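Step one of this worksheet: look at the structure below.
The values are calculated or read from the model by the stated rules, or taken from the named source; none is laboratory data. Keep in mind it's a predicted model, so treat the numbers as computed, not measured. Here the Cβ is made from the backbone with ideal geometry for all residues, glycine too, and neighbour counts use every protein chain on show.
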Amino acid sequence: MIRLFIALPLNETSRLLISTLAPGIPGARAVNPEQIHLTIRFIGEVDGAMLHDIKDELAAIKAAPLHLDIAGVGYFPPRGQPRVLWVGVAPSDTLLRLRTKINRQLKRCGVAPEQRKFHPHITIARLNNSPTPRVMRFIGAHHDLRLPPMPVHHFILYSSTFTSKGAVHTAEAIYPLDVKDG
């Protein structure tokens, strides 16, 4: 079995800017700058035959390049003990159309629809019993974060393997975003 997700890569400049936000909060584990991305669809564990089907279905997607508007910070879950710190991404029409196309193609090969509402974000740290007041100070200090719009010209099907040092993501396939009107 292989664990899969689909994401938009960030350019090096955006990844480095985001990685400088390392929160310095007790219990926070920052995401490795090389692993920073925007997940647009978590798939979960599949077998090798399903991986092949998913690759084929995703290759049929025709979509336009897009720009990510990265702004603000927050945490999950919205109520209770914070577990994840994130940087926000504005949900543009182009991004939402791409996600819809991905979901449609995944459904064609038997991948169940995702139950959670899509909240575009870039995870920057995982929290383990981090003091809520420290998390709130971090949020307050970075609430007005804005990065220049970032162009995206492809999406990636990743596999994810858990290790003692965290998850390792491997690009299984790269799909261009190259049509004019999406």
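A few comments on the model shown:
- Set Ala22, Ala7: member being farther than 21 Å from Phe155 by Cα and either in contact (Cβ under 8 Å) with a residue 40 or more places away in the chain or of a type outside the set (D, E, K, R) (or both): Ala22
- Taking the numbered list (1) in a helix (DSSP H, G or I); (2) surrounded by 13 or more Cβ atoms within 10 Å (Cβ to Cβ); (3) without any contact (Cβ under 8 Å) to a residue 60 or more places away in the chain in turn, Pro82 passes all entries but (1).
- With respect to (1) within 14 Å of the chain's Cα centre (by Cα); (2) part of a helix (DSSP H, G or I); (3) hydroxyl-bearing (Ser, Thr, Tyr), the lone exception for Thr94 is condition (1).
- Those residues of the range 55-72 which are in contact with a helix residue (DSSP H, G or I) (Cβ under 7 Å, 6 or more places away or on another chain), outside any loop (DSSP other than H, G, I, E, B) and either without any contact (Cβ under 8 Å) to a residue 60 or more places away in the chain or over 30 Å from Pro148 (Cβ atoms) (or both), in sequence order: Glu57
- Test for Glu45: is it outside any helix (DSSP H, G or I), over 23 Å from Leu10 (Cβ atoms) and either acidic (Asp, Glu) or at pLDDT 95 or above (or both): yes
- Within the range 99-182, strands (runs of 3 or more DSSP E) holding 1 or more residues that are of a type in the set (A, V, I, L, M, F, W, C), under 22 Å from Lys55 (Cα atoms) and in contact (Cβ under 8 Å) with a residue 12 or more places away in the chain: 150-152, 154-163, 166-176
- Residues that are more than 17 Å from Ala112 (Cβ to Cβ) and surrounded by 14 or more Cβ atoms within 10 Å (Cβ to Cβ), drawn from the range 30-61: Ala30, Val31, Asn32, Pro33, Gln35, Ile36, His37, Leu38, Lys55, Ile61
Conditions (1) closer than 21 Å to Ala59 by Cβ; (2) in contact with a Lys or Arg (Cβ under 7 Å, 6 or more places away or on another chain); (3) surrounded by 20 or more Cβ atoms within 10 Å (Cβ to Cβ), marked per residue:
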{"position": "Pro78", "(1), (2), (3)": "no, no, no"}
{"position": "Ile102", "(1), (2), (3)": "yes, yes, yes"}
{"position": "His121", "(1), (2), (3)": "no, no, yes"}
{"position": "Leu127", "(1), (2), (3)": "no, yes, yes"}
{"position": "Ser130", "(1), (2), (3)": "no, no, yes"}
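- Filtering the range 153-182 to residues that are β-branched (Val, Ile, Thr) and under 22 Å from Leu21 (Cα atoms) leaves only Val168.
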